1. For Ile97, enumerate residues with amide H under 5 Å from its amide H, sequence gap 5+ or separate chain, H modeled in the peptide plane.
2. DSSP loop GluC sites (Glu not before Pro) in the range 243-308 with at most 11 other Cβ atoms within 10 Å of their Cβ, which ones?
3. Could you please rank Lys74, Lys31, Lys146, placing first whichever residue has the fewest other Cβ atoms within 10 Å of its Cβ?
4. Hand me the trypsin sites (Lys or Arg not before Pro) from the range 153-197 located in a DSSP loop with no more than 16 other Cβ atoms within 10 Å, in residue order please.
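Read-outs: derived from the displayed coordinates by stated rules, not from any lab. Being a predicted model, the structure only gives us computed values, none of them experimental. All Cβ positions, even for glycine, are placed from backbone atoms using ideal geometry, and neighbour counts span all protein chains on display.
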Amino acid sequence: MLLIKKILVPLIKRARLKKVNIDARFIKERKLGQGSMSEVWRAKDKLSGRVVALKILDLEKTARLEARFEGLAKPCEGEVAMKLRHPHIVRTLEHGITTNNEQYLVMEYVNGVSLTLPVALQNELMQSHRLTFIVQIGEGLDYFHKQGWIHRDLCPRNILVDRQNSIKLIDFGLVVPNTPPFRAPGNRTGTASYMAPELIKRMPTDQRIDVYSYAVTCYEMYTKQLPHGVDPTLTLDMIVQHINQAPIDIRELVPDIDDQVASTIMTGLAAKPEDRWDSVGAMLHRLRGAQERLEPESEYEYVDDEAVGDDDEYEYEYEDDDDGEWEYEYE
Ligand SMILES: Nc1ncnc2c1ncn2[C@@H]1O[C@H](COP(=O)(O)OP(=O)(O)OP(=O)(O)O)[C@@H](O)[C@H]1O
Ligand SMILES: [Mg+2]
């Protein structure tokens, strides 16, 4: 039974996929991003008339990454992304395979900037929205965890801020199910500077690796630097030398930071997972508490993920079929 469900069904689904001639169907307007594993285009979909973001995964890199999880029936990026419905997660409308055998995803087009930009600029946008952004990232990630996934690549590069100053998590290329085979030690995929120590040391992992990456992201949003003060271009081997040292306390760099916010972020950065928040939900709860106290006038409406249902806005000609795969490595 398990064999059929876990291995045969995904294979059959993929084999049934109709291949799409991307150049015939989409008018590519402008390249939005050249990721390490893909190209992303703003494109006009002739089928729906809609302007979308079209992500085409690199064939060879995706195959190399997939090979790491052979036999585990890891869902591909498109399969994961299609299941996510949250105001702070980019909406994926369709996924499939191109006539060149690449996996592609059709997403809502997010008109905005990568969070790396306001992190680097520490501009008015960042200063006035920092806590709201942090809470929204937490809401998206908390929902994502409750759906049973581990992200493995949360970092400012994979977070967009749209024109309404609302957060959208993107890039589910390294996602794995939160199940024992995928929590076993081994693969060190992700972005080195955001990787939890247990992942770097090839110990068993769980959703708390995302708590760590979330805390690094929050830390950077306040300080513009990484918790160990290390250069983001360092390799994994160089970072291994730093992770046994305690991170620089955020209060040293931002003396006027609220104590509850500071201690919440620092607990998220604990080297041992058992000393960290045991869930994003727990960390988020503390951050929301701080936001309510510090910004009572903001009247930010928290997203209740229990109430996040299907919105049918996009449900029309797109087929809810299969395939995709995934992303880059770091070792
Ligand atoms: N839905 C979208 N709307 C607008 N821009 C997008 C969208 N999705 C992705 N992008 C842009 O394309 C870039 C690459 O996307 P993505 O992170 O999904 O690709 P990737 O190959 O997995 O990247 P990497 O592995 O380098 O993180 C993003 O940083 C962003 O600038
Ligand atoms: Mg990315």
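1. Under 5 Å from the amide H of Ile97 lie the amide H atoms of Val20, Tyr104, each far enough along the sequence or on another chain.
2. The qualifying sites are Glu299, Glu301.
3. The fewest-first ordering by Cβ neighbours comes to Lys31, Lys146, Lys74.
4. In loop regions of the range 153-197 (DSSP not H, G, I, E or B), the sparsely surrounded trypsin sites (Lys or Arg not before Pro) are Arg163.
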